[in-house]
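Notes for the one structure printed next.
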Amino acid sequence: MAFSTSRSCTGRKNMRKLDDDADRLRSDLPWCLLHFHFHWPPNHPPSPTTHNQPVPDPLAHFHSIPWCHALLTHRSILHTAIPDRTPIATTESSLVRETLNTPRTVTACLTFLRYVKDEADNTDNTKPNNTDNTNDNSNSNCNAQFRMSEKEIEAAMKARGEDKENPFLEFGALVDLRDGVNGYAKTAHGGFFGVVLDEVMGTAANAQAKYGAFTAALTVRYKKPLYTPSVVVVRGRVVEKKGRKLTVKGSFADAEGNVLAEADGVWVTVDKDIGRWTDAKL
């Protein structure tokens with residue numbers, strides 16, 4: 001998928017820096033996660049040297065936007081990457097790699113991984129309107145998790161099918177949109193939400209499946225119009241795993257933190273290698 005981090009385009013030097021940053025940020029996480037091994041995505045292949053996005057430097061582009069910078073530098077962010085949107089010979093993902101990869105559609109994209117607190121904690125300190133990371137209320141919420149024993153945490157994870165070696169991290173994408181995605185004047189087409197949510201939520205699902213997963217159902221609930229041009233954040237996260245069934249939640253939000261759309265979906269894991277563009281032979 002073109003929004004996947006599986007072929008991030010930061011270059012080897014920048015990727016090492018991002019990995020170092022991720023290690024530093026992990027040191028601030030609740031103790032219960034410190035011994036977990038983060039493998040995202042599984043079997044991460046080497047990074048290419050180009051990304052083929054209309055904006056020459058997506059990382060610098062989004063860091064120049066204050067609310068995006070606040071999100072990307074938040075303590076809960078584990079990893080960031082520039083997706084490779086270069087067309088491939090198999091034509092896989094050509095909709096997002098080519099059709100939606102122009103100066104008038106999606107002009108820039110940056111993905112990230114985020115640690116999400118227990119569902120009992122509804123606070124999201126990465127929302128755009130919460131830019132003060134030093135005065136947030138995350139410490140009190142973390143303290144509540146400090147009181148949980150390791151056995152209690154592992155029991156909760158087991159109940160939702162979560163593996164401590166591959167926890168349910170949030171996969172997100174910052175997306176800079178232009179008027180080429182419009183339906184009504186100055187308003188993004190409703191179908192565009194579905195395409196991007198399927199990509200983002202599907203990437204989160206794929207990280208929980210050895211051979212990937214297929215979309216079985218996707219329901220989008222529209223909350224507010226998405227006006228263009230604008231920059232939005234799209235999120236996806238697996239919340240339950242039962243056998244081959246993955247339950248995934250997703251959302252669109254704007255610069256003010258307004259939720260523009262929410263989504264629920266079901267992905268079914270593939271039980272054999274069907275061959276994907278990430279294979280070394282491609």
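The values are calculated or read from the model by the stated rules, or taken from the named source; none is laboratory data. Owing to the predicted nature of the structure, the values given are computational and were not obtained by experimental measurement. Cβ placement follows ideal geometry from the backbone for every residue including glycine, while neighbour counts extend to all protein chains displayed.
Suppose we filter segment 149-195 for residues that are among the aliphatic types (A, V, I, L, M) and in a helix (DSSP H, G or I); how many remain?
7
For the subset of segment 72-109 comprising residues that are charged (D, E, K, R) and either part of a strand (DSSP E or B) or in contact with a Pro (Cβ under 7 Å, 6 or more places away or on another chain) (or both), which member is surrounded by the fewest Cβ atoms within 10 Å (Cβ to Cβ)?
Across segment 72-109, the extreme among qualifying residues is 98.
Output the residue which, of all residues in segment 66-108 that are at pLDDT below 95 and of a type in the set (Gly, Ala, Ser), is nearest to residue 255 (Cα to Cα).
Among those that are at pLDDT below 95 and of a type in the set (Gly, Ala, Ser), it is 76.
Among (1) modelled with pLDDT of 95 or more; (2) among the β-branched types (Val, Ile, Thr); (3) over 26 Å from residue 183 (Cα atoms), which single condition is residue 111 missing?
The failed condition is (3).
Return the pairs, sorted by first residue and then second, in which the second residue is assigned to a loop (DSSP other than H, G, I, E, B) and modelled with pLDDT under 95, the first residue lies in segment 232-260 and is among the small types (Gly, Ala, Ser) and surrounded by fewer than 18 Cβ atoms within 10 Å (Cβ to Cβ), the beta carbons are less than 8 Å apart, and the residues are 6+ apart or on different chains.
As it stands, the answer is 255/128; 257/127; 257/128; 257/129; 257/130, since those pairs meet every condition given.
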